[in-house]
Amino acid sequence: MADCQEDAPFVDETAFSSLMFITKRPPITMVEGRGSWLYDQNGKVYLDFIQGWAVNCLGHSPKVVADAIARQAYRLISPSPAFYNDQALKLADLLVANSCCQRVFFANCGAEANEGAIKLARKWGSVHRNGAFEIITMVNGFHGRTLATMSASGKPPWRDLFEPKVPGFVKVPLNDLEAVAQAISDRTVAVMLEPIQGEAGVIPASGEFLHGLRRLTREKGMLLIFDEVQTGMGRTGSLFSYQRTGVEPDIMTLGKGIGAGVPLAALLAKEDACCFEPGDQGGTYNGNPVMAAAGIAVMQELLAPGFLEQVRAMGEVLRQGLQALSQKHVLGEVRGEGLLLALSLPDANGNDIVERARDKGLIINAARPETLRFMPALNVSEEEIATCLTILDEILSAGRL
């Protein structure tokens, strides 16, 4: 899951009084979306380079997904999780056939999938590692908003929120293998991390670090868990981010793009990591056939010949354009892979740039005040990328914010 922009313009809560106030939002209501474009209640159009925080991998309301949902809704909406359904089975088969994992559990959001990964690791520690339960996670990591996933996250503002937290998570700096080694004890069952820290500002784990983690966890008889909620489903130019480095996890979580906008996520695991028994894990809507039908449509699109190659090509176009802007306006580095990219700013004025961009019809995100984040649809066009870059250039050329 991802945060709403924390420093957006304040909206009088009474104007939207039926909704619980949980974040500041601009005073607009989105009513329609098509591909890379969003429309508000006044008919204003926006080029969306957030896409629900990497959720709408095929853009807004893609026909293949809408059609799949409609067809399935007329066939079967929910047989209950007490029965198999053909859509969940087909989607699970597709995920297994195209990943390093052999088993799938479907969830409703990335946080729920990560909660499941934590539970599976703890159960595995109980069965195979003398009751070990601690999981090493990364400083500035983000794993969701359930109490356990917030406890696993290393987001500084959450340090004292909702205390007491769920115990059993040890935080270390990303890309510091020695710190991981020092944190391991008899209680440690797993290491869990995002291959690229999205909420932290698109900070990649290095290939050297990931390979080192794989060696270390194998030596110590521990599990390696990859949270690919944001990096998975083609976002980095490969179907799953782990495929870029060849480092296979024992457990992997997916969310966001797997449903192209509907509530769908997945917990995947290798066979020898699977140890749930009846009653350990479940949920009313897990494996819902309508959501699974959407996931099948997404997988078929992503696996189509040339699709991921085009993601990589458009990612390079966006990267080069951001680098050119950075050079022209004396900004910072461009980080990330595929169509998950960030541009560092010399000043903490990202929120101001986001507001000005929205006024000009461009939706981007400041993952941190000094970082702009870009997560367009995976089928974004070169012309749409050019429009994004032109608007940013106009804003930056207008002078210091």
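The values are calculated or read from the model by the stated rules, or taken from the named source; none is laboratory data. Predicted model, so just to flag it, every value in this text is computed and none were measured. Positions of Cβ are generated from backbone atoms using ideal geometry, with glycine treated the same way; all protein chains shown enter the neighbour counts.
For this structure, a couple of remarks:
- Selection of helices (runs of 4 or more DSSP H) fully inside the range 295-401 by the criterion of at least 1 residues being within 24 Å of Ile258 (Cβ to Cβ), in contact with a Ser or Thr (Cβ under 9 Å, 6 or more places away or on another chain) and touching a residue at least 24 places away in the same chain (Cβ under 8 Å) returns 307-329, 382-397.
- Comparison of Glu163, Glu178 shows that the only residue that is out of contact with any Ser or Thr (no Cβ under 9 Å at 6 or more places or on another chain), acidic (Asp, Glu) and at pLDDT below 95 is Glu163.
- For the range 16-39, filtered to residues that are at pLDDT below 95 and of a type in the set (D, E, K, R), the residue that is surrounded by the fewest Cβ atoms within 10 Å (Cβ to Cβ) is Lys24.
- For Asn42, the conditions (1) among the polar types (S, T, N, Q); (2) without any contact (Cβ under 8 Å) to a residue 60 or more places away in the chain; (3) closer than 30 Å to Met192 by Cβ all hold with the exception of (3).
- For the range 169-191, taking the residues that are touching a residue at least 24 places away in the same chain (Cβ under 8 Å) and of a type in the set (S, T, N, Q), the one that is nearest to Ala132 (Cα to Cα) is identified as Thr188.
- Looking across the range 105-140, just one residue is within 19 Å of Thr217 (Cα to Cα), outside any helix (DSSP H, G or I) and aromatic (Phe, Trp, Tyr), and that is Phe133.
- Of the residues Ile258, Ile225, Ile251, the single one that is in contact with a Leu (Cβ under 8 Å, 6 or more places away or on another chain) and more than 30 Å from Ser185 (Cβ to Cβ) is Ile258.
- Filter pass, Gly287 being more than 19 Å from the chain's Cα centre (by Cα) and not in a helix (DSSP H, G or I): yes
- Hey, Pro289 at pLDDT 95 or above, surrounded by fewer than 24 Cβ atoms within 10 Å (Cβ to Cβ) and touching a Gly at 6+ places or on another chain (Cβ under 9 Å) or not: no
- For Thr236, the stated conditions do not hold, so it cannot be described as within 18 Å of Cys101 (Cα to Cα), at pLDDT 95 or above and hydroxyl-bearing (Ser, Thr, Tyr).
- Checking each residue in the range 324-348 for being within 24 Å of the chain's Cα centre (by Cα) and of a type outside the set (A, V, I, L, M) picks out Gly332, Glu333, Arg335, Gly336, Glu337, Gly338, Ser344.
- Looking only at residues of the range 142-174 that are in a helix (DSSP H, G or I) and aliphatic (A, V, I, L, M), we find that the one that is surrounded by the fewest Cβ atoms within 10 Å (Cβ to Cβ) is Leu147.
- Matching residues, the range 194-240, being buried (at least 24 other Cβ atoms within 10 Å of the Cβ), small (Gly, Ala, Ser) and in contact (Cβ under 8 Å) with a residue 40 or more places away in the chain: Gly198, Gly234
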